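Take a look at the structure set out below.
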Amino acid sequence: MGTLRYEMEEFSFDDRVLAHVQIVISTKLRRGENFFLTWSLPSSAGSGRHALWIDNGVPIHISYSGSRAPVINREWVESLILSSATGGVHLSEEPPEQEDG
């Protein structure tokens, strides 16, 4: 499990999720697009959800527990970026990768 640090708070995520989130955040901020990053909490964590306002003015620190970068699912990255059209980037389950065929 890695950690997303935003201001004084820490949020734990799987390294694979964080790698995709890092790409989405950097892409949107490079474009000058501020946004909400939202995700739902599992029932084991008390349910509910989080929402963070992401902009260039707040330092973000992502730390990974593993040393290897995961293979990136481009469809997941695109899906996350496109989700911002409906009120912010909502972390969703990773879709299966489409095979080229």
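Looking at segment 24-37, which of its residues are surrounded by fewer than 16 Cβ atoms within 10 Å (Cβ to Cβ), of a type outside the set (D, E, K, R) and not in a loop (DSSP other than H, G, I, E, B)? Before the answer, list the steps.
Taking segment 24-37 as the starting set, the residues that turn out to be surrounded by fewer than 16 Cβ atoms within 10 Å (Cβ to Cβ) are 26-27, 29-34, 36.
With the extra rule that they be of a type outside the set (D, E, K, R), the set shrinks to 26-27, 29, 32, 34, 36.
Within segment 24-37, S26, T27, L29, F36 meet the criteria.
All of (1) surrounded by 11 or more Cβ atoms within 10 Å (Cβ to Cβ); (2) more than 20 Å from S92 (Cβ to Cβ) hold for A51 with one exception: (2). Out of E78, E33, one residue alone is more than 20 Å from P96 (Cα to Cα) and acidic (D, E). It is E33. In the set (1) on the phi < 0 side of the Ramachandran plot; (2) assigned to a loop (DSSP other than H, G, I, E, B); (3) of a type outside the set (F, W, Y); (4) out of contact with any Asp or Glu (no Cβ under 7 Å at 6 or more places or on another chain), the condition left unmet by V58 is number (4). Comparison of A19, A69, A85 shows that the only residue that is exposed (fewer than 12 other Cβ atoms within 10 Å of the Cβ), in a helix (DSSP H, G or I) and either at pLDDT below 90 or not hydroxyl-bearing (S, T, Y) (or both) is A85.
The values are calculated or read from the model by the stated rules, or taken from the named source; none is laboratory data. This is a predicted model, so every value here is computed, not measured. Cβ: placed from backbone, ideal geometry, glycine included. Neighbour counts: every protein chain shown.
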